[in-house]
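What follows is a single structure, written as structure tokens, with notes after it.
The values are calculated or read from the model by the stated rules, or taken from the named source; none is laboratory data. All values reported here derive from a predicted model rather than from experimental measurement. With ideal geometry, Cβ positions are generated from the backbone for all residues, glycine too; neighbour counts draw on all protein chains shown.
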Amino acid sequence: MFTKTFSEVGDFQALFSAQKWLDAHAYSYGSTCRGSPTGILKGDAFIAKWRNLSLQQIEELDGQMTGDNRNGPVTVTLKHVPAA
């Protein structure tokens, strides 16, 4: 398990920082869904909002992003440590 927290200050700055980090490590992320996590998959993928994912799709995710998307902090949790 791997966890990284982004605490940048300003509207959506922690979220943007987390998304930039995920992009740099070749992860895709879904659309944000207020009050729910955001799904993460390795590679180029389309991921629906959390509320539209089936239980099987949730289990197949490589991780999730949680936290306060507007104000931070935002935490990325992955099943495996990303390659350097």
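Would you confirm, using the coordinates I've provided, whether residue 23 is surrounded by 11 or more Cβ atoms within 10 Å (Cβ to Cβ), acidic (Asp, Glu) and in a loop (DSSP other than H, G, I, E, B)?
It is false that residue 23 is surrounded by 11 or more Cβ atoms within 10 Å (Cβ to Cβ), acidic (Asp, Glu) and in a loop (DSSP other than H, G, I, E, B).
What's the number of the condition residue 67 fails, among (1) on the phi > 0 side of the Ramachandran plot; (2) over 11 Å from the mean Cα position of the chain (by Cα)?
Result: residue 67 fails condition (2) only.
Quickly run through the stretch 31-50 and pick out the residues that are surrounded by 14 or more Cβ atoms within 10 Å (Cβ to Cβ) and either more than 16 Å from residue 18 (Cα to Cα) or modelled with pLDDT of 95 or more (or both).
Residues satisfying the conditions are 36, 37, 38, 39, 40, 41, 42, 45, 47, 49, 50.
Cβ contacts < 6 Å: first residue within 21 Å of residue 69 (Cβ to Cβ), restricted to the stretch 35-59; second residue acidic (Asp, Glu) and part of a helix (DSSP H, G or I), any location; separation 6+ or different chain. Result?
Final answer for the pair search is none.
When only residues in the stretch 51-84 that are assigned to a loop (DSSP other than H, G, I, E, B) and charged (D, E, K, R) count, which is surrounded by the most Cβ atoms within 10 Å (Cβ to Cβ)?
62
Mind counting the residues in the stretch 39-50 that are part of a strand (DSSP E or B) and of a type in the set (A, V, I, L, M, F, W, C)?
Qualifying residue count, the stretch 39-50: 2.
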